[in-house]
1. If Lys and Arg each add +1 and Asp and Glu each add -1, what is the summed charge of the other residues whose beta carbon sits under 12 Å from the beta carbon of ALA159?
2. Which three extents, in angstrom, do the Cα atoms of the range 303-375 have along their principal axes, listed largest first?
3. For labels at PHE180 and HIS346 in the simple 7 Å Cα→Cβ model, what's the distance in nm?
4. Considering only the chain, what is the antiparallel percent among its DSSP beta bridges, to the nearest 5?
5. Within the range 327-375, list the GluC sites (Glu not before Pro) lying in a DSSP loop whose Cβ has at most 16 other Cβ atoms in a 10 Å radius.
6. Could you tell me the relative contact order of the chain? Use alpha-carbon pairs under 8 Å, at least six residues apart, and round to a whole percent.
7. Hey, got a sec? Which GluC sites (Glu not before Pro) in the range 57-92 land in a DSSP loop and have at most 12 other Cβ atoms within 10 Å?
8. Diagonalise the Cα gyration tensor of the chain and give the resulting equivalent ellipsoid semi-axes, square root of 5 times each eigenvalue, largest first, whole Å.
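Just so it is clear, none of the values below were taken in a lab; they were calculated from the coordinates. These numbers were taken from a predicted model, which means no experiment stands behind them. Glycine gets a Cβ as well: all are built from the backbone with ideal geometry, and neighbour counts include every protein chain shown.
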Amino acid sequence: MLVDCSLGVNLPAFCMPTPPSADNPTRYGVDTLRTFARELTAHAGLRSDIARDVADVLLDADLLGHSTHGLGLLSPYLEEIAEGRMAKDGEPKVRSRRAAAETWDGERLPGPWLTLRALDRAAAMARECGTGTVVIRRSHHIACLAAYLRHATEQGLIAVIESSDPTVAAVVPHGGITPFITPNPIAAGLPTSGEPIMIDVSTSITSMGYAHQQRIAGKSLPGPWLIDAEGNATADPGVLIGDSKGALLPLGGLDAGHKGFALAILIEALTAGLAGHGRADPQAGWGATVFVQVIDPEAFGGLAAFKRQMDTLADAAHNSKPRPGIDRVRLPGERGLQRYREQTAHGVALYPAIMPALAVWAQKYGIPVPAAIEA
């Protein structure tokens, strides 16, 4: 068993992707890959609409370049379904409801489907009240947060998504060496006159997925982003395995980690705290507590005015003189959207370990494995 790419949960080894060949990655046609992923989730027993959303969110993560949170998660998802740890059908239970706020029990339903439904519900509330918030307890894993953002921005809405897994401790508090929390990511989608600004960051300085990728490749991290069992900052990802394990440092590292530490606590409050379910409760397996908020700019200064402000900000960033070695300043999400367009046109580059892992399930369900695109 190895550690899950994102959170630190014990999952089968095929969850861990191996580094791709940068010179000649294996590519698959996007439509073929989408059909393949939908067929796998449907044959696993997910209701048709749930199967579609799970497959699409995972593929969109790969298209954006978030390989550790894309189709590399599908094999472990399929195992979770097979073992009865992910629900195949049903609806979330609404535990509380007000004009612009709801709390759901996700009933262990697939996180991508639940998060899209929460965005839809929050958007409807935002159109009526200016803002809408849905907090979900007992969701299953929600994959890549960035993959959801255009669902709101294409409607001229702002989306904020946060998540935590109450069963996982992978990040230390600032000043400590005992991990106590997950990387607790936050994402936000901001509409502009052009492409949206898409923020997706963790409150830890790096992720388990990236650290383990570097370890498998025999490489160190770019900086001292981890802490070993003795409390020393290190760039050696090998400290995450063995008897005396290290952990992830909060965003900011040893010098400014109080900032990431504080943000992680805030996200824990807005997810587990508002949901009334989290680390104070018995562990229930790999999953997520989720905060989804949608804001309608028309209820404030207006969408046109919002875009004018964001456009000015984007122009100022783009016009900033780049430091040596940098070709130009890019906005959050800009490179991901560039990858999305490139991979849609020329095929999705998958880590070498992903398709063999999915081929096992394809054989089980009698589904043909997609052929790679000729280079």
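1. -4
2. The Cα atoms of the range 303-375 stretch 53, 36, 19 Å along the principal axes, largest first.
3. With each label point 7 Å from Cα toward Cβ, the separation is 4.7 nm.
4. Values: 38 of 44 bridges.
In the chain, DSSP labels about 85 percent of beta bridges as antiparallel.
5. Listed in order of number, the matching sites are GLU374.
6. Relative contact order for the chain comes out at 24 percent.
7. Answer by residue number: GLU83.
8. On the way: eigenvalues 154, 136, 119 Å².
Over the Cα atoms of the chain, the ellipsoid semi-axes are 28, 26, 24 Å.
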